[in-house]
Every structure is written in structure tokens, then in C-alpha cells.
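The values are calculated or read from the model by the stated rules, or taken from the named source; none is laboratory data. It should be emphasised that the depicted structure is a prediction, and the values quoted were computed from it without experimental measurement. Virtual Cβ from ideal backbone geometry, glycine too; neighbours counted across all protein chains shown. SASA here: full protein model, heavy atoms, side chains in, ligands and nucleic acids out. Shrake-Rupley method; radii C 1.70, N 1.55, O 1.52, S 1.80 Å.
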Amino acid sequence: MKSSSKAIPRTETGSCFCGAITAEMRGEPFWICSDHDDDCRKAIGSPLSVWVGYRPSEFTLLTGTPKTFSKTPGVLRSFCADCGTSIGYVDQGLPDELYLAIGFLDHPERFPPQAHAYWDMRLPWVDFPDELPRVGTYSRRRDPAFGNPAER
């Protein structure tokens, strides 16, 4: 007898602090990174950010409508207009990539970082005893036609 077992894709959920915005992600994240740059530090209000990369096609908004904001050309950040929770960002220099804030995910413990990006911009009192790669700037290949946000 033949078994027809299909692999069920990984499914994760996310929600903002007040619950107005919820989402589902189907598939494996392609990149998880601790980010130490000052833009993200300001936007998130934390000494560093952890971003979880999905393809936009793997992300489904279930409830609510995020508000968006852009200070850095080509980078569009989303957040809940009611409670302020950061949802994520898209960057025109990184096509077909969507980065979600670790705090938006309902089970952040399932997303261990794979590297540190913008290590050169970290706060001097931030250090990690891990063996993860420490990249001075971007940890992903960004289209140079969009410039480097760190050079704003």
C-alpha cells in the first residue's frame, strides 16, 4: 500500500501587543539576524533588533492593517497604529525579502539568530559570548543601486 504523505510546511504566527494585527507565516525563514545598526535601534527602541526573513509570498496578514513609515529611502517599516508594535520592514535593495521583528512573532524562542549584522555599529556595552559571524555592515547582498542606508 502506497502512502501519500506530503510534508506540511512550517507554520508560525505573529501578533502585535494589542492583538489588532495578526499574521501567519508558512515556510522556513531564510535568514535570522541580530541587527545592531542605529536606524533599527531608533525604530525599535532597543539596543539591537532581531529580524526574521521570510519571502513576502509566505506572509499572510490575518487581521488589521499595519501603518507604514519610511525615513530611509527604499526601506518601508510597518507597525501597529494602535499599540506601536513593530511588525517588520521591506527594503527595495533586498527584493523578495520581508523581515519581521522578533517581538511580533508569537514564539520568538523558535528563531535563534544566525549572525550579527552591523556589528561595527553596536553599542560598546553590547557583547555576545556566541560564535555567530559578526558582519560589519549588511549580512545580505543588497542591490547597490539603492545605496547604503548607513551612509545617509
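What the table shows:
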{"item": "Selected residue (criterion: farthest from GLY19 (Cα to Cα)) from residues of region 57-69 that are assigned to a strand (DSSP E or B) and β-branched (Val, Ile, Thr)", "result": "THR68"}
{"item": "All positions within region 1-56 that are touching a Cys at 6+ places or on another chain (Cβ under 6 Å) and either outside any loop (DSSP other than H, G, I, E, B) or without any contact (Cβ under 8 Å) to a residue 60 or more places away in the chain (or both)", "result": "SER49, TRP51"}
{"item": "Unique residue being free of Cβ contacts under 8 Å to residues at least 24 places away in the same chain and either crowded, with 21+ Cβ neighbours inside 10 Å or touching a Gly at 6+ places or on another chain (Cβ under 8 Å) (or both) when the list is SER78, SER86", "result": "SER78"}
{"item": "Residue list for region 89-98, filter: under 11 Å from the mean Cα position of the chain (by Cα), buried (at least 20 other Cβ atoms within 10 Å of the Cβ) and of a type in the set (A, V, I, L, M, F, W, C)", "result": "LEU98"}
{"item": "Any hit, region 99-114, residues being in a loop (DSSP other than H, G, I, E, B), at pLDDT below 95 and open to solvent by less than 80 Å² (accessible area, probe 1.4 Å)", "result": "no"}
{"item": "Among (1) of a type in the set (S, T, N, Q); (2) open to solvent by 70 Å² or more (accessible area, probe 1.4 Å); (3) part of a loop (DSSP other than H, G, I, E, B), the one test that THR72 misses", "result": "(2)"}
